[in-house]
1. Residue check, residue 241 against (1) in a helix (DSSP H, G or I); (2) assigned by TED's automatic domain parsing to the domain that holds residue 322; (3) under 22 Å from residue 154 (Cβ atoms), all met but one. Which one?
2. Identify, from the list 91, 154, the residue that is out of contact with any His (no Cβ under 8 Å at 6 or more places or on another chain) and not assigned by TED's automatic domain parsing to the domain that holds residue 276.
3. If you check residue 224 against the conditions, is it hydrophobic (A, V, I, L, M, F, W, C), out of contact with any helix residue (DSSP H, G or I) (no Cβ under 9 Å at 6 or more places or on another chain), under 30 Å from residue 140 (Cβ atoms) and at pLDDT 95 or above?
4. Residues in segment 205-215: is at least one touching a Gly at 6+ places or on another chain (Cβ under 7 Å) and closer than 14 Å to residue 149 by Cβ?
5. I'd like the full set of residues that are in contact with a strand residue (DSSP E or B) (Cβ under 6 Å, 6 or more places away or on another chain), aromatic (Phe, Trp, Tyr) and assigned to a helix (DSSP H, G or I), limited to segment 183-238.
6. Among the candidates 80, 93, single out the residue that is of a type in the set (A, V, I, L, M), modelled with pLDDT of 90 or more and under 19 Å from residue 338 (Cα atoms).
7. Consider segment 304-333. How many of its residues are crowded, with 24+ Cβ neighbours inside 10 Å and either over 30 Å from residue 105 (Cα atoms) or hydrophobic (A, V, I, L, M, F, W, C) (or both)?
Amino acid sequence: MFDPLLGRFLSPDPYVQMPDFSQNFNRYAYCLNNPLVYTDPSGEFLWLPVIVGAVIGGVSGAMIGHANGSKGWNMVSYIAGGALIGGLSGGSAAGISAAGGSAWWAGAAAGVISGAGFSGLATDWNPEAMINGAWKGALSGFVGGGIGSAIGGGWGAVAGGAASNLTNQLLYNDGDFSKINWLSVGISGAVSFGLYHGMQFAQYKMMGGQIGGQDVTYRQFSKINTAYQRSRFWRREFGVYLNEDGSAKITPWKDSNKYSVKFSSKQGNINKTMHAHWAKKGVDIEGGYETVGGYHSPDDMALFRGTSFVVGRTTSSYLTHSMGGWKYIYPDPFVRFFLFPFLGLK
């Protein structure tokens, strides 16, 4: 609850949006204590994957209940249990990502919970089945998250979802490809694609089609997320050309380096650019290069053209010609992880 006269929350905000920015640890402050610049219309983006996970988990619980011959209130308990497991799974992935964790660790965390939870739900909470489901779910989620972020975006979600399902089946079938249900693999990829774009589109609509007060199309928002995901996996900076006609293009591999990206002046009608800072703030041990996290470095400020966005592990920023310096994008709307269909179902 927010008191507009005091300019403070009357209860602490349960979600730390930017853990590497000290002002955000004031849990009673509104919008980084700068309500004239920022707004927080929903308060919490973190709950979206929890809700999505709970819905899919409830469906999965119903499938398990049906397989076990449950009806009536017993079926309700399966649905409620599945929703709880799914919500925890989605929330764990979002929490890992919000803390700066990679998509593969987010996938592994969700896989542990879903693998153990749904295996337990299906076997009347048999401890051995839950332990077996946990490690297999973790490994499947890890593989899916890694492949998803290597490709990035919707196609990354397809590949990651299919890979997580295939990995899970191989783990349960002792590596026998002849026993693979390829229809299930394909459905998992398709559902992952839908989950990813559903979550991404909801984020886009919740931020009103703007980043830092700048209009962007859904296609551009999607390319920005894809570029960050690829950057994090490959440990090199990728950028995006955001064109005036609403289209977007990710910079090619040859223009991508570990701590920099080259933007060509030969591109078309560009009025915005974005690039990813995959590294956390600090000093690179090998090269002695000082990384800055999710905001504009002095080099970025000297070289940017038009409006510039930077997306880091937990924070993001924007800069325009009319501004004296960069500002944080708040709330941070970017999608850095994937949600897969739950892996514990057998």
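1. Going through (1) in a helix (DSSP H, G or I); (2) assigned by TED's automatic domain parsing to the domain that holds residue 322; (3) under 22 Å from residue 154 (Cβ atoms) one by one, residue 241 breaks only (1).
2. 91
3. Here the answer is yes, as residue 224 does meet what is asked.
4. no
5. Hit for segment 183-238 is 228, nothing else.
6. Result: 93 is the single residue among 80, 93 that is of a type in the set (A, V, I, L, M), modelled with pLDDT of 90 or more and under 19 Å from residue 338 (Cα atoms).
7. 4
To keep it simple, each residue is scored yes or no on (1) within 30 Å of residue 195 (Cβ to Cβ); (2) in contact with a Lys or Arg (Cβ under 7 Å, 6 or more places away or on another chain); (3) assigned to a loop (DSSP other than H, G, I, E, B); (4) at pLDDT 95 or above.
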position	(1), (2), (3), (4)
258	no, yes, yes, no
279	yes, no, yes, no
305	no, no, yes, no
323	no, no, yes, no
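The values are calculated or read from the model by the stated rules, or taken from the named source; none is laboratory data. Keep in mind that what you see is a predicted model, and the values were worked out from it rather than measured. Quick reminder, even Gly has a Cβ in these numbers, built from the backbone with ideal geometry, and neighbours come from all protein chains shown.
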